[in-house]
Amino acid sequence: MKILSDITSLSGKGYTLIEASAGTGKTFTITGIYLRLVMEEGLLPEQILVVTFTRAATEELKAKLRRRIEDALDFLESENAPDDVLQRLVRHALDDLEIGRQELERRLKLALGGMDQAAVYTIHGFCQRILQEYPLEVGSSASGLEVVMDEELHLPGIMDFLRTRLADLDERHLDLILELFEADKLVSGLQKMLNGLLTLPEPRIIPDMDLEAFFKEHEVFRKRQERAAASLASLAEAVAKVQTEIPADLIDELKGILLAAGKRKTGSKIDDLVEKWLKQEVELLGSLAKDLLPNDAVFERAAAILPAMVFCSTVMEGQPFLKVWLYRGLEELVSSKKGRKSKLDRATRQLYMKALHRWMADEDRKFVLNGQSVKEISGLFQDFIPLFHHYGIRSRLEAALMCELRRSVKDYMKREKARAGAISFDDMVTRVYEALGASNGRRLSKIIRNRYPVALIDEFQDTDALQWRIFRAIYPDPEKSRLFLIGDPKQAIYGFRGADIFTYLKAKRHVKEDSRYDLKTNWRSSPELVNGINEMFSIGDNPFILDGIDFVQVDAREENRFHLHVKSARGRDEITRWESAMEIWLANLDGICESDGQSQDDHKKRGGPDPAEATAAKIAQILELARKKELVFKGADGSERRVDDGDIAVLVRTHRQADKIRQALYQFGIPAVLQGPSNVYTSMEARELLYILAAVF
């Protein structure tokens, strides 16, 4: 992709894609393109379609577009420009395109006077206008219909699904569904499941099946489970025989290898290795044979026993059986219960396996398991093999429930909106899409394109498949249709706001290579921080995995060169590293939480700090030094500024983690504002107000 260094270099013909990382001037570029269209082509604001994501963004963008036009008029009158880009745009129109000064002024004044009619919309606002202004072409109208939020109908739709579908199930089938959710959380679990289904226009649920099909499969699974369960007792007895046949000398040798490697705790346990581990294997098979809905992990662990049990025979003298079980037992002993990788070094593993091989090959002390015992185990395990045909059975129930839940709730919403004479914003998008694909669609597309000959799609990474199809239908020719796509694909990776990275990549393929641009300069951040980000993301060849999502190194303005500066020599050795713009802080990795649900005690038991407490302590230290004027922000020109509370932000993955950070900051007397979807009634202020009201009444 090319670097966009000069907006006047854009041809504006066909599709144009501009990828803009955070802080690189995306909105500034949009206002520049908009100003060019006004000055060079005399387009009015009502002819230039600008689509962005939120209502707040539309108002902000309108204000910036208006201000850009005002700045251009001021420059024509006074030759004073707020920036070099504006000056270059106006000079390009005057000198290169030879547009007269009076004509240019006329165009700018017309545009400024028409900004109240500027076509700056959200995608939903745009579709609503199409439905209202072209009801005949669309085949329906949004006029007179009450606009409702689909989310308001989700819970009633779920309750309708419970009454009309799940309430009629027999107890056995209902128990299966309840297995998917925590106790007393069926409704909230269905809500969570539904949220991810209705935000996507056309989700593909795999497999696409209904509950009846799943229940038929489960009946077969249960019959196979009954047969396997009947073999469990005999299997346990056969395993007990085998474990008594393994010689103590072998166990002692393996124990010695672990002790020599410093694994004293593990080495001392190896005396009980065979008995405990083989017992666990049988219990695992018991879970597979008895659980209503075994998860994938149970299937996978049970499948790992297969080589040891099924393929052992008197001909093979039980060797695979012994090797697999003893080695799997070792892995279990030296691994964390939380699933972290084994800490056993490679050399020790090799010594351990060599000892096993040596015992198998040494003629003087060759160890052979009782062939009959192994054969018996192998035969009993045959009863478990049919269960593996049902791998993923839990996921298939989830898929079946998703399919029926989505269809049921969508039907309910459609009925209720028809009954109330209402329409939702998502319905507007769907109706416009359907109209553009109908027999009259080409005519409608031409009408819209004539009205808006140029379109700029802001935050394009948040566009979903249905919305992109609408723009593709209106502006169908990548060579001639005038469509600017501006966004950052890196922001679409996690699907926030319904973003679909694959839609973005599909759209990108429609844009010619010489019409793809990157913005190169970060205007917000310091050069040190930008350089640190560049270095970190340039380590790997493909940091974002998917082809088409590139990491482009950006530059930063020297004017933004500022950093934390330690003024006092006292304590400098401890905090001088803060002067770096980026610090990767590895705060005792064994203590850092591996999942969001772990308590502070869990961290302390493992000897590590609580991440929230450690973060709050560091913030407190920074603010204390700032209060003493020992730590300041220092600019490139030598100017200094105090570090304030508002300069610090903490980014976390979940709202629960954010609340922990806030609580930890409170312990240090540091006020914090939490930005998230928290309910105001759960706040401390609401609780105290409740106490006052209770006392009054």
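In the complete set of protein chains, residue-level accessible area for T615 is approximately 40 Å², probe 1.4 angstrom. Which of the residue pairs K13/K490; K410/K506; K185/K660; K109/K480; K26/K508; K26/K634 have a Cα-Cα distance greater than 19 Å in the structure shown? K13/K490; K410/K506; K185/K660; K109/K480; K26/K634, as the Cα separations exceed 19 Å there.
Relative to its residue count, region 96-182 spans a Cα convex hull of 260 Å³ per residue. For region 1-125, the gyration tensor built on C-alpha atoms gives an oblate shape. Its axis ratio a/c (a ≥ b ≥ c) is at least 1.5, and a/b is not larger than b/c. The accessible-area ordering, largest first, of the residues S78, S439, S525 stands as S439, S78, S525, per a 1.4 angstrom probe. A 1.4 Å probe over all protein chains sorts Y452, Y433, Y494 by accessible area into Y494, Y433, Y452, starting with the largest. With the simple spin-label model, which puts each label point 7 Å out from Cα in the Cβ direction, the A438 to A229 separation comes to 5.7 nm. Between the amide H of T24 and those of W523, distances stay under 5 Å, these residues lying 5 or more places away or on another chain, with hydrogens modeled in the peptide plane. By a 1.4 Å probe calculation restricted to protein chains, E688 has an accessible surface near 100 Å², given to the nearest 10.
A probe of 1.4 angstrom, applied to the heavy atoms of all protein chains, finds D150 with accessible area near 20 square angstrom.
Label positions at E688 and A636, each projected 7 Å from the Cα along the C-beta direction, are separated by 4.6 nm.
Going by accessible surface with a 1.4 Å probe and the largest first, Y34, Y391, Y134 read Y391, Y134, Y34. Let a ≥ b ≥ c be the square roots of the eigenvalues of the Cα gyration tensor of region 113-247; is it rounded (a/c under 1.5), or, if not, prolate (a/b larger than b/c) or oblate? Prolate, because a/c is 1.5 or more and a/b exceeds b/c. Distance between the modelled labels on H173 and E152, one decimal in nanometres: 3.4 nm (7 Å Cα→Cβ projection).
The values are calculated or read from the model by the stated rules, or taken from the named source; none is laboratory data. These figures come from a predicted structure and were not determined experimentally. When we count neighbours, we look across all protein chains shown, and the Cβ atoms used for this are built from the backbone with ideal geometry, even at glycine. In case anyone asks, the SASA skips ligands and DNA or RNA and just uses the protein heavy atoms, side chains included. Shrake-Rupley method; radii C 1.70, N 1.55, O 1.52, S 1.80 Å.
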